[in-house]
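The values are calculated or read from the model by the stated rules, or taken from the named source; none is laboratory data. Since the model is a prediction, treat every value here as computed from it, not as a measurement. Cβ: placed from backbone, ideal geometry, glycine included. Neighbour counts: every protein chain shown. Keep in mind that these areas ignore ligands, DNA and RNA; they rest on the heavy atoms of the full protein, side chains included. Shrake-Rupley method; radii C 1.70, N 1.55, O 1.52, S 1.80 Å.
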Amino acid sequence: MKTYAGRVIELELDVQGHLAAWLECPPGAVPHAGQAIVAMEPGSAEEVLATPLFFGGRSERGFLGLPLDGRLPPTWLPGMRLLLRGPLGRGFRLPGNVRRLGLAALGDTASRLLPLAALGLAQGADVALFADQVPAGLPASVELQSLRLVSDSLGWMDFLALDLPREALPGLRHTLGLEQRQHLPCPMQVLVTSALPCAGLAACGACALPVGRGWKLICEDGPVFDLNELSW
(Lines give C-alpha, C1' and ligand atoms only; values in the text may rest on other atoms or scores of the structure.)
Protein backbone atom coordinates (compact mmCIF):
# COMPACT_ATOMS: atom_id res chain seq x y z
CA MET A 1 0.00 0.00 0.00
CA LYS A 2 1.51 3.32 -1.08
CA THR A 3 1.97 6.50 0.93
CA TYR A 4 1.61 10.01 -0.42
CA ALA A 5 2.05 13.60 0.70
CA GLY A 6 -1.19 15.60 0.74
CA ARG A 7 -2.53 18.92 1.93
CA VAL A 8 -5.86 20.18 3.25
CA ILE A 9 -7.24 22.72 0.79
CA GLU A 10 -10.59 23.47 2.39
CA LEU A 11 -12.97 22.18 5.08
CA GLU A 12 -16.63 21.76 4.14
CA LEU A 13 -19.67 21.56 6.44
CA ASP A 14 -22.94 20.20 5.03
CA VAL A 15 -26.51 20.92 6.18
CA GLN A 16 -26.47 17.83 8.41
CA GLY A 17 -23.44 19.11 10.29
CA HIS A 18 -21.01 16.63 8.72
CA LEU A 19 -17.49 17.85 8.05
CA ALA A 20 -15.42 16.88 5.02
CA ALA A 21 -12.03 17.94 3.68
CA TRP A 22 -10.93 18.82 0.17
CA LEU A 23 -7.44 17.37 -0.20
CA GLU A 24 -4.67 18.22 -2.64
CA CYS A 25 -2.78 15.04 -3.50
CA PRO A 26 -1.11 13.09 -6.33
CA PRO A 27 -3.47 11.36 -8.79
CA GLY A 28 -2.54 7.91 -7.46
CA ALA A 29 -3.84 8.79 -4.00
CA VAL A 30 -7.37 9.57 -5.19
CA PRO A 31 -9.75 6.72 -4.29
CA HIS A 32 -12.55 5.45 -6.51
CA ALA A 33 -16.26 5.49 -5.63
CA GLY A 34 -16.70 3.44 -2.47
CA GLN A 35 -13.00 3.39 -1.57
CA ALA A 36 -11.23 5.15 1.29
CA ILE A 37 -7.77 6.46 2.03
CA VAL A 38 -6.37 7.05 5.52
CA ALA A 39 -4.78 10.34 6.51
CA MET A 40 -2.95 11.80 9.47
CA GLU A 41 -0.81 14.79 10.37
CA PRO A 42 2.87 13.77 10.21
CA GLY A 43 4.48 13.74 13.64
CA SER A 44 1.23 14.55 15.46
CA ALA A 45 1.19 13.59 19.14
CA GLU A 46 -2.61 13.95 19.28
CA GLU A 47 -3.63 11.63 16.42
CA VAL A 48 -3.12 8.05 17.60
CA LEU A 49 -4.99 6.53 14.65
CA ALA A 50 -5.22 7.70 11.06
CA THR A 51 -8.56 9.07 9.80
CA PRO A 52 -10.32 7.08 7.04
CA LEU A 53 -11.67 9.35 4.30
CA PHE A 54 -14.11 8.03 1.70
CA PHE A 55 -14.27 9.40 -1.82
CA GLY A 56 -16.90 12.10 -2.15
CA GLY A 57 -15.95 13.85 -5.40
CA ARG A 58 -13.03 15.05 -7.49
CA SER A 59 -11.56 18.40 -8.46
CA GLU A 60 -8.57 19.39 -10.61
CA ARG A 61 -6.39 19.51 -7.50
CA GLY A 62 -7.55 16.49 -5.54
CA PHE A 63 -10.68 15.04 -4.00
CA LEU A 64 -13.30 15.44 -1.29
CA GLY A 65 -12.63 13.16 1.70
CA LEU A 66 -15.64 12.09 3.77
CA PRO A 67 -14.88 10.89 7.32
CA LEU A 68 -17.00 8.03 8.65
CA ASP A 69 -18.76 9.90 11.46
CA GLY A 70 -18.77 13.33 9.85
CA ARG A 71 -15.99 14.53 12.15
CA LEU A 72 -12.38 15.44 11.45
CA PRO A 73 -9.49 15.85 13.91
CA PRO A 74 -9.84 19.30 15.51
CA THR A 75 -6.27 20.21 14.55
CA TRP A 76 -6.95 19.90 10.81
CA LEU A 77 -6.95 23.32 9.13
CA PRO A 78 -6.61 24.55 5.52
CA GLY A 79 -3.00 24.41 4.43
CA MET A 80 -2.09 21.55 6.77
CA ARG A 81 0.20 18.85 5.37
CA LEU A 82 -1.02 15.26 5.64
CA LEU A 83 0.43 11.80 5.21
CA LEU A 84 -1.93 9.68 3.07
CA ARG A 85 -1.96 5.90 2.76
CA GLY A 86 -4.03 3.82 0.39
CA PRO A 87 -6.43 3.66 -1.30
CA LEU A 88 -7.83 0.77 0.72
CA GLY A 89 -9.38 -2.31 -0.83
CA ARG A 90 -12.07 -2.34 -3.51
CA GLY A 91 -14.61 0.27 -4.56
CA PHE A 92 -17.85 -0.05 -6.52
CA ARG A 93 -17.64 -1.81 -9.89
CA LEU A 94 -20.51 -0.52 -12.00
CA PRO A 95 -21.23 -2.59 -15.13
CA GLY A 96 -21.33 -0.61 -18.35
CA ASN A 97 -24.76 -1.96 -19.34
CA VAL A 98 -26.64 -0.63 -16.29
CA ARG A 99 -29.67 1.42 -17.34
CA ARG A 100 -31.65 1.60 -14.08
CA LEU A 101 -29.38 2.21 -11.10
CA GLY A 102 -30.67 2.11 -7.54
CA LEU A 103 -28.73 3.58 -4.61
CA ALA A 104 -29.75 2.97 -0.99
CA ALA A 105 -28.21 4.66 2.07
CA LEU A 106 -28.90 2.90 5.38
CA GLY A 107 -26.34 4.84 7.39
CA ASP A 108 -25.92 8.43 8.54
CA THR A 109 -25.34 9.88 5.08
CA ALA A 110 -25.90 9.22 1.39
CA SER A 111 -22.88 11.29 0.33
CA ARG A 112 -20.62 8.29 -0.24
CA LEU A 113 -23.02 7.11 -2.97
CA LEU A 114 -23.01 10.35 -4.97
CA PRO A 115 -19.84 9.52 -6.97
CA LEU A 116 -21.57 6.33 -8.12
CA ALA A 117 -24.65 8.34 -9.10
CA ALA A 118 -22.38 10.51 -11.27
CA LEU A 119 -20.93 7.41 -12.95
CA GLY A 120 -24.42 6.06 -13.64
CA LEU A 121 -25.59 9.34 -15.14
CA ALA A 122 -22.48 9.49 -17.33
CA GLN A 123 -23.44 6.05 -18.71
CA GLY A 124 -26.93 7.29 -19.54
CA ALA A 125 -28.61 5.36 -16.72
CA ASP A 126 -31.72 6.42 -14.81
CA VAL A 127 -30.65 6.81 -11.17
CA ALA A 128 -32.81 6.68 -8.03
CA LEU A 129 -31.54 7.33 -4.50
CA PHE A 130 -33.39 5.76 -1.56
CA ALA A 131 -32.44 7.62 1.60
CA ASP A 132 -33.85 9.41 4.60
CA GLN A 133 -31.41 12.31 4.19
CA VAL A 134 -30.86 14.61 1.22
CA PRO A 135 -27.10 14.84 0.58
CA ALA A 136 -25.55 18.11 -0.46
CA GLY A 137 -24.85 18.24 -4.17
CA LEU A 138 -27.50 15.72 -5.21
CA PRO A 139 -27.88 16.08 -9.00
CA ALA A 140 -31.33 17.24 -10.07
CA SER A 141 -31.56 14.29 -12.48
CA VAL A 142 -31.35 11.76 -9.60
CA GLU A 143 -34.79 10.73 -8.32
CA LEU A 144 -35.01 10.87 -4.52
CA GLN A 145 -37.22 8.36 -2.68
CA SER A 146 -37.75 7.40 0.95
CA LEU A 147 -35.64 4.45 2.09
CA ARG A 148 -38.79 2.52 3.05
CA LEU A 149 -39.72 2.32 -0.66
CA VAL A 150 -36.58 0.47 -1.73
CA SER A 151 -38.18 -2.98 -1.39
CA ASP A 152 -41.06 -1.96 -3.69
CA SER A 153 -38.61 -0.77 -6.35
CA LEU A 154 -36.33 -3.79 -6.68
CA GLY A 155 -38.16 -4.95 -9.80
CA TRP A 156 -37.34 -1.64 -11.51
CA MET A 157 -33.58 -1.80 -10.89
CA ASP A 158 -31.00 -3.74 -12.82
CA PHE A 159 -28.30 -2.88 -10.26
CA LEU A 160 -28.44 -1.80 -6.60
CA ALA A 161 -25.61 -0.21 -4.62
CA LEU A 162 -26.00 0.08 -0.87
CA ASP A 163 -24.15 1.97 1.86
CA LEU A 164 -24.62 0.69 5.39
CA PRO A 165 -22.84 0.32 8.73
CA ARG A 166 -21.70 -3.18 9.60
CA GLU A 167 -24.32 -3.52 12.35
CA ALA A 168 -27.13 -3.02 9.79
CA LEU A 169 -26.12 -6.04 7.73
CA PRO A 170 -28.14 -8.67 9.71
CA GLY A 171 -31.37 -6.71 9.14
CA LEU A 172 -30.82 -6.10 5.45
CA ARG A 173 -33.17 -8.84 4.21
CA HIS A 174 -36.01 -7.20 6.14
CA THR A 175 -35.12 -3.78 4.70
CA LEU A 176 -35.14 -5.21 1.16
CA GLY A 177 -38.29 -7.27 1.76
CA LEU A 178 -36.52 -10.54 0.89
CA GLU A 179 -37.20 -13.95 2.40
CA GLN A 180 -34.42 -16.13 3.78
CA ARG A 181 -32.48 -17.82 0.94
CA GLN A 182 -34.42 -15.83 -1.66
CA HIS A 183 -32.26 -15.05 -4.68
CA LEU A 184 -31.33 -11.43 -5.24
CA PRO A 185 -33.57 -9.86 -7.91
CA CYS A 186 -30.62 -7.95 -9.40
CA PRO A 187 -26.85 -7.66 -8.85
CA MET A 188 -26.08 -5.80 -5.62
CA GLN A 189 -22.91 -4.34 -4.17
CA VAL A 190 -22.64 -3.01 -0.64
CA LEU A 191 -20.27 -0.50 0.93
CA VAL A 192 -19.89 -1.71 4.53
CA THR A 193 -18.63 0.96 6.93
CA SER A 194 -16.84 0.21 10.17
CA ALA A 195 -14.08 1.54 12.37
CA LEU A 196 -10.72 0.70 10.75
CA PRO A 197 -8.21 0.79 13.63
CA CYS A 198 -5.22 -0.63 11.75
CA ALA A 199 -6.45 0.24 8.23
CA GLY A 200 -4.91 -2.88 6.75
CA LEU A 201 -1.50 -2.62 8.44
CA ALA A 202 -1.87 -5.40 11.01
CA ALA A 203 -4.88 -7.56 10.04
CA CYS A 204 -6.21 -6.87 13.55
CA GLY A 205 -9.62 -8.37 12.71
CA ALA A 206 -11.64 -5.48 14.15
CA CYS A 207 -13.37 -4.98 10.79
CA ALA A 208 -13.95 -8.68 9.99
CA LEU A 209 -17.17 -9.83 8.30
CA PRO A 210 -18.47 -13.45 8.20
CA VAL A 211 -18.48 -15.12 4.78
CA GLY A 212 -19.67 -18.71 4.80
CA ARG A 213 -17.17 -20.57 6.99
CA GLY A 214 -14.59 -17.81 6.95
CA TRP A 215 -14.07 -14.07 7.30
CA LYS A 216 -13.21 -11.09 5.12
CA LEU A 217 -11.68 -7.82 6.24
CA ILE A 218 -13.45 -4.59 5.34
CA CYS A 219 -10.13 -2.73 5.07
CA GLU A 220 -8.55 -5.22 2.65
CA ASP A 221 -11.30 -7.25 0.93
CA GLY A 222 -13.85 -4.43 0.92
CA PRO A 223 -15.05 -1.92 1.81
CA VAL A 224 -17.32 -2.73 -1.17
CA PHE A 225 -18.49 -6.34 -1.50
CA ASP A 226 -20.78 -8.20 -3.85
CA LEU A 227 -23.69 -8.84 -1.51
CA ASN A 228 -23.81 -12.54 -2.33
CA GLU A 229 -20.22 -12.85 -0.97
CA LEU A 230 -21.38 -12.11 2.58
CA SER A 231 -23.28 -14.05 5.25
CA TRP A 232 -26.36 -11.93 5.93
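One Cα centroid belongs to the range 109-165, the other to the range 1-38; the line between them spans 22 Å. Residues whose amide H falls under 5 Å from that of Ile9, counting only those 5 or more places apart or on a different chain, are Trp22, Leu23, Glu24, Gly79, with hydrogens built in the peptide plane. Mean silhouette area of the range 176-232, derived from the convex hull of its C-alpha atoms and averaged over all directions, reads 4.2 nm².
Bridge orientation summary for the chain: considering DSSP beta bridges with both residues in this region, about 65 percent are antiparallel. Within the range 28-87, the percentage of alpha carbon pairs spaced more than 15 angstrom apart rounds to 47%.
Rounded to whole numbers, the Karplus 3J(HN,Hα) couplings from phi for the range 110-127 are 9, 5, 5, 8, 4, x, 6, 4, 5, 5, x, 5, 5, 7, x, 7, 7, 10 Hz, using 6.51 cos²θ - 1.76 cosθ + 1.60 with θ = phi - 60°, and x at Gly and Pro.
Charged side chains reduced to their Cβ positions (Lys and Arg at +1, Asp and Glu at -1) give the chain a dipole of some 520 debye around its Cα centre.
How high is the relative contact order of the chain? Use alpha-carbon pairs under 8 Å, at least six apart in sequence, and give a whole percent.
Worked out over the chain, it gives 19 percent.
Projecting the Cα atoms of Pro139, Leu209, Leu121 onto the dipole axis of the chain, where Lys and Arg carry +1 and Asp and Glu carry -1 at the beta carbon, places Leu209 farthest toward the positive end.
Carbon and sulfur: what percent of the chain's accessible surface (1.4 Å probe)?
53
The residues of the range 171-227 have, on average, 50 Å² of accessible surface per residue, using a 1.4 Å probe with all protein chains present. The C-alpha atoms of the range 107-156 occupy a region whose extents along the principal axes are 27, 26, 16 Å, arranged from largest to smallest. Using only side-chain charges placed at the Cβ, +1 for Lys and Arg and -1 for Asp and Glu, the dipole size of the range 60-102 relative to its Cα centre rounds to 220 debye.
For the range 121-232, the normalised intensity computed at q = 0.22, 0.24 Å⁻¹ comes to -1.28, -1.40 (log10 of I(q)/I(0), Debye sum over alpha carbons, equal scatterers, no solvent).
For the range 27-44, putting each phi into the Karplus relation 6.51 cos²θ - 1.76 cosθ + 1.60 with θ = phi - 60° gives couplings of x, x, 8, 6, x, 9, 4, x, 8, 10, 10, 10, 9, 7, 6, x, x, 6 Hz, in residue order, rounded to whole numbers and with x for Gly and Pro.
Candidates Gly43, Pro27, Gly56 compared by Cα position along the dipole of the chain: farthest toward the positive end lies Pro27, with charges placed on Cβ.
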